[in-house]
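Working notes, beginning with the structure itself.
The values are calculated or read from the model by the stated rules, or taken from the named source; none is laboratory data. Everything numeric in this text was worked out from a predicted model, so none of it was measured. Note: ideal-geometry Cβ built from the backbone for every residue, glycine included; neighbour counts use all protein chains shown.
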Amino acid sequence: MLIAILNQSNGAVADADVATMTAAITTQIQDVATAWNRAPATVTFYSSAGAVPAGAYGVAIVPTIDGQPAGVVGYHAENWGVVAAQPILANAHTLTGDWSVSSTLSHEVLEMFIDPACNLWAVNGQGPAYSLEVCDPVEAPTYTDPVSGASVSNFVFPSWFDPQGTAPFDKLRQVTAPFTIAAGGYANYVRGGQFTNAAGGYANYVHGGQMQQQFGTTYPGWRKAMKSPPAPSMARSQRILGLWHT
């Protein structure tokens, strides 16, 4: 799996800084792959879209995201994602700290890596189904790549999505039980859906239900104010950081 990083921020973020972020994520993805028993992805910064190989996944840093509510800072869809620099820089930093451009880029890349089709859910054993977003529940605090100095996102382990899972549940040991939220994290889940047998009896699925959100106790107001559950068609196709999923 190749994940291409592009800087299309129109000068809001320097290419050199995006290259530094990419180097940090390249190191981080090795840890994520080990934790999730996956083959590591290759994460590469490209100076132009024309240089990106066919078939690559991609995440672009842009000034703002067209067609989304003001303040949305990023999202990923089935094989691509975007990070909006301007709303982040109005409240945070470029390379370091929680909710920086760097940690937001890391967040999007990791979640694309673990759920590239953007369609996985986990049931907590008590009814609600949580989207398989590996950074949302522990979005802050972030941690620092020791070589580049750039901040990258905390992430949860498979045990977080297992009702019978055992510790550890995330990289920075911020949570102590499955399906729990760190003080600086959030989660989206569906409650009240109906279990149905698909035609032919080969599969089962849940439909209906109400999308709900849960925020940690220190989740910042400037981030929380952006969020609202998506329309059903959007829920099927993409996960939006600052709107609902990441």
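Among the residues of region 71-90, are any under 19 Å from the mean Cα position of the chain (by Cα) and more than 19 Å from Ser103 (Cα to Cα)?
Yes, region 71-90 contains at least one residue that is under 19 Å from the mean Cα position of the chain (by Cα) and more than 19 Å from Ser103 (Cα to Cα).
Take Met234 and tell me if it is in a loop (DSSP other than H, G, I, E, B), of a type outside the set (Val, Ile, Thr) and either at pLDDT below 50 or closer than 27 Å to Val101 by Cβ (or both). Before you say what the answer is, go through the steps one by one.
Numbers: in a loop (DSSP other than H, G, I, E, B): no; of a type outside the set (Val, Ile, Thr): yes; either at pLDDT below 50 or closer than 27 Å to Val101 by Cβ (or both): yes.
Judged against the criteria, Met234 is not a match.
Working carefully through the options Gly55, Gly81, find the one that is at positive phi and touching a strand residue (DSSP E or B) at 6+ places or on another chain (Cβ under 8 Å).
Selected residue: Gly55, the only one of Gly55, Gly81 that is at positive phi and touching a strand residue (DSSP E or B) at 6+ places or on another chain (Cβ under 8 Å).
Every residue in region 176-189 that is assigned to a loop (DSSP other than H, G, I, E, B), surrounded by fewer than 23 Cβ atoms within 10 Å (Cβ to Cβ) and touching a strand residue (DSSP E or B) at 6+ places or on another chain (Cβ under 8 Å), please.
Correct list: Ile181 only.
State whether one or more residues within region 1-17 are of a type in the set (Val, Ile, Thr), modelled with pLDDT of 95 or more and not in a loop (DSSP other than H, G, I, E, B).
Yes, region 1-17 contains a residue that is of a type in the set (Val, Ile, Thr), modelled with pLDDT of 95 or more and not in a loop (DSSP other than H, G, I, E, B).
Report the residue count in region 94-110 for those that are surrounded by fewer than 24 Cβ atoms within 10 Å (Cβ to Cβ), in contact with a strand residue (DSSP E or B) (Cβ under 9 Å, 6 or more places away or on another chain) and farther than 13 Å from Thr142 by Cα.
0
Anything in region 116-145 that is under 13 Å from Pro178 (Cα atoms) and either at pLDDT 95 or above or assigned to a helix (DSSP H, G or I) (or both)? List them, or say none.
Val134, Pro137, Val138
For region 111-133, check the following and say yes or no: at least one residue is more than 21 Å from Arg38 (Cβ to Cβ) and within 13 Å of the chain's Cα centre (by Cα).
No - not one qualifying residue is present in region 111-133.
Looking only at region 134-155, which residues are more than 15 Å from Ile29 (Cα to Cα) and either surrounded by 17 or more Cβ atoms within 10 Å (Cβ to Cβ) or touching an Asp or Glu at 6+ places or on another chain (Cβ under 6 Å) (or both)?
Start the filter on region 134-155 by keeping residues that are more than 15 Å from Ile29 (Cα to Cα), which leaves 136-141, 149.
If the condition is that a residue be more than 15 Å from Ile29 (Cα to Cα) and either surrounded by 17 or more Cβ atoms within 10 Å (Cβ to Cβ) or touching an Asp or Glu at 6+ places or on another chain (Cβ under 6 Å) (or both), then Asp136, Pro137, Val138, Glu139, Ala140, Pro141 are the ones that fit.
Could you check region 1-14 and list, in sequence order, the residues that are farther than 23 Å from Asn79 by Cβ and within 22 Å of the chain's Cα centre (by Cα)?
Within region 1-14, just Ala12 meets the criteria.
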